[in-house]
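Novice: Here it is, the structure in full.
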Amino acid sequence: QVQLVESGGGLVQHGGSLRLSCAVSGSIWSINVMGWYRQAPGKQRELVANINSGGSTNLANSVKGRFTISRDNAKNTVYLQMNSLKPEDTAVYYCNARAYSSTLYWGQGTQVTVSS
């Protein structure tokens, strides 16, 4: 089992920055890919960014150049640095872990609200 706990969400003005953190515990050795997803009201959950065990990253086109995903293996934490935030970035952000077995784990979500 893997447990994920997000933190760092909040209210920020258009153009501002936030950093989300996802603390990982449990069977960390089983994880292949870590990622961040988001879900805005009335919309489907979408991938924002992910990072695999080798450190390769993938970002959605809508956030390229503004968001960065990183991991600190010593702290068992994955980060999402969000810069130049826009109102359309407003959503609940979820941390996700995909095990080598393809089992998916989700955090409880953290709200990010960007005011115009």
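Novice: So if I average 1/r over every pair of distinct C-alpha atoms in the chain and take the inverse, what Kirkwood radius in Å does that give?
Specialist: Over the chain, the inverse of the mean reciprocal pair distance is 14.1 Å.
Novice: Could you pull out every one of the lysines with an alpha carbon less than 27 Å from that of Lys86, ignoring same-chain neighbours closer than 8 positions?
Specialist: Lys43, Lys64
Novice: Based on C-alpha coordinates, I'd like the Rg and Dmax of the stretch 47-105, in Å.
Specialist: So, for the stretch 47-105, Rg and Dmax equal 12.3, 36 Å respectively.
Novice: Still on this structure, I have one more. What number comes out for accessible area per residue over the chain if the probe is 1.4 Å? Units Å², please.
Specialist: Accessible area per residue: 52 Å².
Novice: Rounded to the nearest Å, what's the spacing between the alpha carbon centres of the stretch 78-92 and the stretch 1-47? Just the number, please.
Specialist: Spelled out, the Cα-based centre of one part sits 10 Å from the other.
Novice: According to the Kirkwood expression over distinct Cα-Cα pairs, how big is the hydrodynamic radius of the stretch 1-58, in Å?
Specialist: After inverting the pairwise mean of 1/r, the radius is 13.4 Å.
The values are calculated or read from the model by the stated rules, or taken from the named source; none is laboratory data. Keep in mind it's a predicted model, so treat the numbers as computed, not measured. SASA here: full protein model, heavy atoms, side chains in, ligands and nucleic acids out. Shrake-Rupley method; radii C 1.70, N 1.55, O 1.52, S 1.80 Å.
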